[in-house]
1. Working with all protein chains in place, sort Val275, Val144 by solvent-accessible area computed with a 1.4 Å probe, largest first.
2. How big is the Kirkwood radius of segment 1-85, worked out from every pair of different alpha carbons and given in Å to one decimal?
3. How many lysine pairs in segment 1-127, separated by 8 or more positions in sequence or lying on different chains, have Cα atoms less than 15 Å apart?
4. Sorting check: for 190-200, 68-78, which peptide has the highest mean count of neighbouring beta carbons within 10 Å, and how do the rest follow?
5. Taking R0 as 41 Å, what's the FRET efficiency between Glu99 and Arg216 from their Cβ-Cβ distance, rounded to 0.05?
6. Taking all protein chains as present, what is the carbon and sulfur share of the accessible area of the chain, in % to the nearest whole number, probe 1.4 Å?
7. Rounded to the nearest 5, what % of DSSP beta bridges with both residues in the chain are antiparallel?
8. Please list, or write none, the aspartates and glutamates whose alpha carbon is within less than 18 Å of the alpha carbon of Lys149, excluding same-chain residues fewer than 8 places away.
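The values are calculated or read from the model by the stated rules, or taken from the named source; none is laboratory data. In this text the structure is predicted, and so the values were computed from the model without any measurement. Here the Cβ positions follow ideal geometry from the backbone for every residue, glycine too, while neighbour counts run over all protein chains shown. Please note that ligands, DNA and RNA were not included when accessible areas were found on the heavy atoms of the full protein model with its side chains. Shrake-Rupley method; radii C 1.70, N 1.55, O 1.52, S 1.80 Å.
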Amino acid sequence: GLGNQFLANIREVDAIVHVVRCFEDSNVIHVDGSIDPIRDIETINLELIFSDLEILERRIAKVTKTARMDKEAAKELDFLQKVKTHLEDGKMAITMEMENEDEEAWMSTYNLLTWKPVIYAANVAEGDLADDGELAHAVVVCHVQAVRKYAAEQNSEIFVICAEIEEEISELDDDEKKMFLEDLGLTESGLEKLVKASYHLLGLMSFLTSGEDETRAWTIKIGTKAPQAAGKIHTDFERGFIKAEVVNYQDLLDNGSLSAAKEKGIVGMEGKDYVVKDGDVILFRFNV
């Protein structure tokens, strides 16, 4: 089993990364005696469902006490029973459609494990990978395709990883890591794939700030406007926001400097309604 403490810990995360074995190796014995990634996923999901049902039972007991006297509590109790039935059918809460804003608000307060978005990491062996991360063996392709289909049905992300390779490159410096991956015909590490999948699943993006001392990336939700993006750096930036000088990072690299980019007219002066784009390099003007 996963253990109560482990389950309690992952209730605090925004998303769950589920590593699933997709490789065949007679030297690495599977506890169930065969390789079946969907079976393995559903075994873990069943534990998550049981844990969530305990949470729901406690919430139902609490709401039931006030449901007779409170119409809103009565509505929530009906919703709780609906969620409970959904889970008892072996379905993840994340696959349940919310009918209104009240249901969405209630669900967000329960902190259910099966409501959290999931990223499936399909773990393959080094020998399973061909050039540019393509899978070389038909049986492994079938395993990964099965996980990919399951992930799509669950509104989840999936990426292929080789834990064996990740362990080997974990202690290498950046140059050595790049050479190692190139020798294997890979363009990016599993960690980089995980970051991309996480950003996509959680609706995140990054903008950059750059100065003489450092260049830094800031993570924000997609759709964030300039003042709120400035607030990620410091509350004063948002409170006293005036304008934002914005240039795409590739344009900045191609021109070599902000001043050169300005001379070409590709630096925009944006106001408070500007929606920040992924890869924007921004200089905020503010006054407090």
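1. Values: Val275 65, Val144 5 Å².
I get Val275, Val144, largest accessible area first.
2. Taking the inverse mean of 1/r over all distinct Cα pairs, segment 1-85 comes out at 15.8 Å.
3. 7
4. 190-200, 68-78
5. About 0.45, to the nearest 0.05.
6. Numbers: 8570 of 17160 Å².
Carbon-and-sulfur percentage of accessible area, whole number: 50.
7. That works out to approximately 60 percent antiparallel.
8. Those aspartates and glutamates meeting the cut-off are Asp36, Asp40, Glu42, Glu134, Glu157.
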